[in-house]
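The values are calculated or read from the model by the stated rules, or taken from the named source; none is laboratory data. Being a predicted model, the structure only gives us computed values, none of them experimental. We place every Cβ from the backbone using ideal geometry, glycine too, and count neighbours over all the protein chains shown. What goes into the accessible areas is simple: the full protein's heavy atoms, side chains included, and nothing from ligands, DNA or RNA. Shrake-Rupley method; radii C 1.70, N 1.55, O 1.52, S 1.80 Å.
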Amino acid sequence: MGGLAAAARLGAAGHRVTVFEQAAVVGGKLGRYERVTPEGTFRFGTGPSLLTLPQVFAEFFAATGTRLADELDLVPLDPVVRHVFADGTVLDSSSDPDEFAARIAAALGAGAAADWRVLWRRAARVWHASWRDILTSTVDSPAALARIAWRVGDLAAIAPGRSLRWLGRRHLRDARLRMLLDRYATYAGGDPRRAPAALVAIAYAELAFGGWHLRGGLGTLADALVRRCQAWGVDIRTGTPVARVEAAGGAVTAVLLGDGRRVPADAVVSNADALALYRDLLPHPRRAARLADRSLSGFVLLLGLRGPARHPFPDTVYFPAGEASGVLAPVGRGHDAEFDDVFGRGRPARPATDPAVFVGAAAAPDRHEAWYVLVNAAPQGPVDWRRDGLAEGYADRVLEILARRGADVRDRIAFRVVRTPADLAEATASPDGAIYGTAGHRLLRPSNRGPVRGLYLVGGSTHPGGGLPMVTLSAKIVADRIGPA
């Protein structure tokens, strides 16, 4: 998606642009899956579940000659996400901060709501500082970050060197709210015990600006980006892998395709994972070595269910057992055990024994239901997801966990499709199937500018990070740096 957005912007700026996509279809991790049955067609999105920061896409469409309203049919969500805790507490998030605080008070008590308001004010300051100085700007190195003229209050809010877990423990007495906050570290592929406190900005972005579905599914965003590329004469070639980026005299000169053809280029924009670029396409051992800490991946079930819809909201997180419900209780080992399993902390990585489970709704025929089920998972390599019986056995385990948490659908399954990190690696050429490239344990990701002139990086593995809005911002950063033809 970052590559398509960059291509459309560069086409609009007068450049002659060719996109080489290794897969048979565009969209990358914003995948789609259809299952035709006698009852009708089930349609699933296999990537992001909701759209956030619609203003980013409004700016993109305006810059490429159209309007957001003419390209996408946005459906606002309320609640944005439903949170179901092990003690039976249900908390619905809202993009109205006063309404969300009221919901927290009703579910968790007035003290928890007061704590959240304090955290929210801090999150707002982190978000505005991040947007102003990081997310929309080129940041090529830690030295560049240090040169930013941070306001003292902004720097205190960002808390360099502190983790998101530290931030939750500092501000939130209720263990359930701390679990909710921890979840946002996984949006950057990281462990909340190591991820920077500044990731509280992700929570602010989702809850302040709202979550949206697209009528027709999020895959329609990929279709819209293709239309913008076509409007500016961009040549998109699918099923065409790139084998190497060639450089001479300190500048890019061409790309070498998988079939041996050489395509000259004045500039190359890579939407490949930064590790794949620096390990395989333009080997740079020092940069590749920095990317060894891989992000988490995902284990996915696509479920076709018989019977009328029973899942009341599009997006629900079922949290694991183990935490006590008392307002002063620490986060329990059941919660931390998931991150120990996924990241291999203190032991080899393995499928999480008691993970948080995310459930989203997909399109289904009448009198049927479709669920997209996701749990955090270690990437391929630390766990061999191709080992005989592992994927199907773990799918059974996830369904058992859902049943224990009040969402038993095992007797309604018409079909299920299992997607592992190994499948993601194969489908998207992402090393190890790591969704976000490197784990979000550092504030900075690889620079948008490569080590040779004319080489640029976009996408979720580079600055400013993963998620549809961030990869779209990476495209703007790169297009602005390249400039008009």
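Across segment 62-78, a minimum of one residue is classified as open to solvent by less than 20 Å² (accessible area, probe 1.4 Å), among the β-branched types (V, I, T) and modelled with pLDDT of 95 or more.
The single condition among (1) buried (at least 18 other Cβ atoms within 10 Å of the Cβ); (2) at pLDDT below 85 that L135 does not meet is (2). Hey, does segment 86-96 have a residue that's open to solvent by less than 40 Å² (accessible area, probe 1.4 Å) and more than 25 Å from R122 (Cα to Cα)? Yes: segment 86-96 contains one or more residues that are open to solvent by less than 40 Å² (accessible area, probe 1.4 Å) and more than 25 Å from R122 (Cα to Cα).
Pairs linking a residue in segment 48-68 that is closer than 27 Å to L302 by Cα to a residue that is among the small types (G, A, S), with Cβ atoms under 6 Å and 6 or more positions apart or on different chains, are S49/G360; L50/G211; T52/A205; T52/G211; L53/A205. Of the listed requirements (1) outside any helix (DSSP H, G or I); (2) of a type outside the set (A, V, I, L, M, F, W, C); (3) open to solvent by less than 10 Å² (accessible area, probe 1.4 Å), Y436 misses just one: (3). Can you name the residue in segment 338-349 that is out of contact with any strand residue (DSSP E or B) (no Cβ under 6 Å at 6 or more places or on another chain) and part of a loop (DSSP other than H, G, I, E, B) and is also most open to solvent (accessible area, probe 1.4 Å) among such residues? Ranking the candidates gives R345 first.
Screening segment 141-257 for strands (runs of 3 or more DSSP E) wholly inside it with 2 or more residues that are farther than 23 Å from G454 by Cα and open to solvent by less than 60 Å² (accessible area, probe 1.4 Å) returns the ranges 212-214. Scanning segment 345-366 for any residue that is among the hydrophobic types (A, V, I, L, M, F, W, C) and more than 29 Å from P314 (Cβ to Cβ) turns up at least one such residue. Among the residues making up segment 27-49, those that are within 23 Å of G460 (Cα to Cα) and open to solvent by 30 Å² or more (accessible area, probe 1.4 Å) are G28, K29, R32, Y33, G45, T46, P48, S49.
Do we have any residue at all in segment 262-270 that's open to solvent by less than 50 Å² (accessible area, probe 1.4 Å) and either at positive phi or more than 28 Å from the chain's Cα centre (by Cα) (or both)? Yes, some residue in segment 262-270 is open to solvent by less than 50 Å² (accessible area, probe 1.4 Å) and either at positive phi or more than 28 Å from the chain's Cα centre (by Cα) (or both). Given the structure, is L374 modelled with pLDDT of 95 or more, under 18 Å from T46 (Cβ atoms), open to solvent by 10 Å² or more (accessible area, probe 1.4 Å) and aliphatic (A, V, I, L, M)? For L374, the condition - modelled with pLDDT of 95 or more, under 18 Å from T46 (Cβ atoms), open to solvent by 10 Å² or more (accessible area, probe 1.4 Å) and aliphatic (A, V, I, L, M) - is met. From the list D115, D98, the one residue that fits, being free of Cβ contacts under 8 Å to residues at least 60 places away in the same chain and over 26 Å from I401 (Cβ atoms), is D98. Contact map, segment 434-447: first residue closer than 13 Å to I134 by Cβ, second residue at pLDDT 90 or above and hydroxyl-bearing (S, T, Y), Cβ cut-off under 9 Å, separation 6 or more or different chains; pairs are R445/Y436; R445/T438; R445/S461; R445/T462; S447/T462.
Answer yes or no as to whether R290 is within 18 Å of G190 (Cα to Cα), surrounded by fewer than 23 Cβ atoms within 10 Å (Cβ to Cβ) and not acidic (D, E).
Yes: the conditions hold for R290.
Report, by residue number, each residue of segment 390-416 that is over 15 Å from L302 (Cβ atoms) and open to solvent by less than 60 Å² (accessible area, probe 1.4 Å). Residues satisfying the conditions are L390, G393, I401, A403, R405, A407.
Listed conditions (1) open to solvent by 30 Å² or more (accessible area, probe 1.4 Å); (2) more than 30 Å from R449 (Cβ to Cβ); (3) assigned to a helix (DSSP H, G or I) are all met by A101, apart from (1).
Residues satisfying the criterion are absent from segment 113-132 (criterion: assigned to a loop (DSSP other than H, G, I, E, B) and modelled with pLDDT of 95 or more).
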